[in-house]
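Trainee: Quick one: this structure, given as C-alpha cells, is what I'll be asking you about.
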Amino acid sequence: MRFRKKDNGVSVHAVTGTYVVMLGMDMDKADTAGLLGFAIHRVDPAENEAYWLQGMRTFQESYPNPPDGALVSTHEHPIQDFLWSDFTAKPGRKYTYTVVPVSGKPKNLRYGQGVSIDVETEDESKGTHAMYFNRGVIGSQAYARIWKAGPDQLEPPEQEKAFAWLSRGLEEAIRVTYLGVNGFQFESTGHALLVDPYFSRVGLLPAALNQRIQSEPNRVAEGLKHVRPRVGAILVTHAHFDHLLDAPEIVRRTHARLVAGPTAVQLVESLGIRPNECQTAKPGDVRKIGPWTVRVLAAQHDRLLGKVPFEGKVNSAKPPIKASDWSVGESLAFVIENGGKRIYIDSGGVPGAPLDPRIKDVDLAILGMALPDSRQRFGEVVKQLRPRYVFPSHQDDMFAPIDRGFTFGKMTNFPALLRESKNLPGRLVLLDYFQPWTLR
Ligand SMILES: [Zn+2]
C-alpha cells in the first residue's frame, strides 16, 4: 500500500508490504542547509509501543567505534539518507511514523519540525492469494544479530526458530482447502495431506435403495485438479462410502499412503490397493508424515434414527459393491500439527462422549455436522477444544454433484449452529469448495 504526506517542508512517501515499511523523504533543496539526516519515530498502537527507530550508522564524532552490528537510536544518530526501510513491521498493522529533519553538529544536534504519517501494512492472507516474501540483505543483518550462524549450522530448537524467522509466516501458515462433504487438503511448505477426499457424489437414490455404487474416475480427476499432484497421506475418519469410496483411485493417482482404521484398510485392499500403500491406524498412534505430526483419536459416528448407519466392521477380502458394504468400521478423529499450529478434525460424534482432555487450545477445529447428534455435541466439543477458528463440516448436500456448488444438506441446520456459536470460543468459518483459506 502507498501513503504520502507533506508537512513543515518535509514530504514522506511510504510503501508498505507485509513485514516492511519503506519511507522515501524529500525536502526543498533550500531547506537542506546543514541537514545531517532524519530521526524516525514509530507508534505501534497494537503493541502499545512508541520509540525512535534504530539504525547502524553512527557519527564518528559522537560514537567513533561501534561494535559490529550495534544498533543506535536514529534520534542521536539520524539516518543519513533519503530512503529508509523499517524491517520490524508486522502484517495487518497500523503505524504512525514521524520523520524529523536533524541538522547542526553530531555533538550538538538540532531538530526541525517533522511530518507524521499514518500507514497500514498488508495482511498476507487476505483475499484469494496469500503473499509471503523472504528477507533481503538488510534483513540478513538483523538475522546475524540474533543468530551468529546460518540455520543449517544451528541445533534444534534454535534451528527451527531461525527457519521460522526467515520464512516470515510461510513456514507456520497452513493452507486449508475444502473439498466438499468432509474432504480437506492441508498444505504447508509444499507438503500436502488429505482427509476424507470424496468427489464421486453417489446420488441419493442409489444410496437410499442400497444399489451398486462405484467411484467415478472422471469426477475424481476433476476434484484432484484442486489438490497437489503429490500428497503425503490420505487420512480417513471412517469407512462409509462418502469418506472412502474414492480413496483407492486417489491413492493410485497421487501415490499417497492411506492412513485409516482396519475396516477402511481392508476395503481398499479388496479393491486392489497394496498393503504397503496403507497404514492401519488406531487411537493413540502418533504418525510423522513429512513435516506433519498426526495424532489418532477414537471417535464416535452420529446416529440416524437411533442407530449408526451401516454399522459394523469388515474383515473379509470381498470387494464392496453396495452402499451398505462400506461399513462404518472404526471411527477416528485426528489432531494434525505443523509449525506450532494444531488442527482437530472429526466427521461428527454423539453428545456426552468427551474427547481426550489433553486435546484443547487448537487453532482450528473441523467438526462434522451432518446430523442432529453432532449438532447436540457441538457446544461441549468447542468448549473443550477452545479453537481460534471453528469450521462446521459435512454440512453440504453430499448427494448433489460438486459442480453444482455448495448447498446445505437437508438434515443440517446451520442457523442453529450460528446462534449457538455466538456464546462459544472461536470464530466460525464457512469455506466454499476449492477456495483455499490460510490458517496462520
Ligand atoms: Zn459416515
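Trainee: What residues have an amide H closer than 5 Å to that of TYR389, excluding those fewer than 5 places away on the same chain, when H is modeled at 1.01 Å from N in the peptide plane?
Mentor: LEU364, ALA365, ARG427
Trainee: Still on this model: Helix-only estimate, please: 222 nm mean residue ellipticity of the chain, summing -39500 (n - 2.57) across DSSP H runs of length 4 or more and dividing by its residues, to the nearest 500.
Mentor: Values: 9 runs with 76 residues, N = 440.
Result for the chain: -4500 deg cm²/dmol, rounded to the nearest 500.
Trainee: Now for a separate question. When a footprinting reagent is the concern and you count Cβ atoms within 10 Å, what order do LEU305, LEU428 take, fewest first?
Mentor: Numbers: LEU305 6, LEU428 16.
Ranked by crowding around the Cβ, least crowded first: LEU305, LEU428.
Trainee: How high is the FRET efficiency between ASP28 and LYS288 when r is their beta carbon distance and R₀ equals 51 Å, given to the nearest 0.05?
Mentor: Values: r = 63 Å, r/R0 = 1.23.
Here the calculated transfer efficiency is 0.20.
Trainee: Further, regarding this structure: To make sure I understand, if each residue's beta carbon is the centre and we count other beta carbons within 10 Å, what order do LEU179, LEU245, LEU109, LEU83 fall in, fewest to most? Please report the intermediate quantities before stating the final value.
Mentor: Working: LEU179 22, LEU245 26, LEU109 18, LEU83 10.
Fewest to most other Cβ atoms nearby, the residues stand as LEU83, LEU109, LEU179, LEU245.
Trainee: Once you've got the GNM for the chain with C-alpha springs shorter than 10 Å, pick whichever of ARG342, ARG57, ARG375 has the biggest mean-square fluctuation.
Mentor: Of the options given, ARG57 has the highest mean-square fluctuation.
Trainee: Hey, got the Cα dimensions of the chain along the principal axes, in Å, largest first?
Mentor: 90, 47, 41
Trainee: So, one more: Hey, with R₀ at 41 Å, roughly what FRET efficiency would LEU304 and HIS255 work out to, going by the Cβ-Cβ distance, to 0.05?
Mentor: Details: r = 35 Å, r/R0 = 0.86.
Plugging the Cβ-Cβ distance into 1/(1 + (r/R0)^6) gives 0.70.
Trainee: Return the loop-located trypsin sites (Lys or Arg not before Pro) in the range 299-334 (DSSP other than H, G, I, E, B) with at most 14 other Cβ atoms within 10 Å of their own Cβ; answer none if there are none.
Mentor: Working: sites: ARG303, LYS307, LYS313, LYS322; in loops: ARG303, LYS313.
Those that pass, being in a loop and sparsely packed, are LYS313.
Trainee: Nearest 5 percent is fine: what portion of the DSSP beta bridges confined to the chain is antiparallel? Before the final figure, lay out each step's value.
Mentor: Numbers: 73 of 92 bridges.
Around 80 percent of the beta bridges assigned by DSSP in the chain are antiparallel ones.
Trainee: Reachable lysines from LYS148, Cα under 30 Å, same-chain residues fewer than 8 places away excluded?
Mentor: Output for LYS148: LYS90, LYS161, LYS341.
Trainee: For the residue pair ASP81 and ALA317, what label-to-label distance in nm results when each label sits 7 Å from Cα along the Cα-to-beta-carbon direction?
Mentor: 7.1
Trainee: What ranking do MET411, MET1 get, fewest neighbouring Cβ atoms within 10 angstrom at the top? Could you put the intermediate results ahead of the total?
Mentor: Numbers: MET411 14, MET1 11.
So the residues, fewest neighbours to most, are MET1, MET411.
Trainee: With each label point set 7 Å from Cα along the Cα-Cβ vector, what nm distance links LYS360 and SER62?
Mentor: In this crude spin-label approximation the distance works out to 5.3 nm.
Trainee: Specify the residue with the greatest mean-square fluctuation among ALA208, ALA30, ALA416, computed from a Gaussian network of the chain linking alpha-carbon atoms under 10 Å apart.
Mentor: ALA30
Trainee: Say each of SER73 and ASP7 gets a label point 7 Å from the Cα, pointing the same way as Cα to Cβ; how far apart are those two points in nm?
Mentor: 2.1
Trainee: Still on this structure: Given R₀ = 51 Å, what would the calculated FRET efficiency be for ARG110 paired with GLU172, taking r from the Cβ atoms and rounding to 0.05?
Mentor: Numbers: r = 45 Å, r/R0 = 0.89.
After rounding, the FRET efficiency stands at 0.65.
Values quoted throughout were computed directly from the atomic coordinates according to the rules given, and no laboratory measurement underlies them. This structure is a prediction, so every number in the text was calculated from the model and none was measured. No Cβ is skipped: glycine too gets one built from the backbone with ideal geometry, and neighbour counts run over all protein chains shown.
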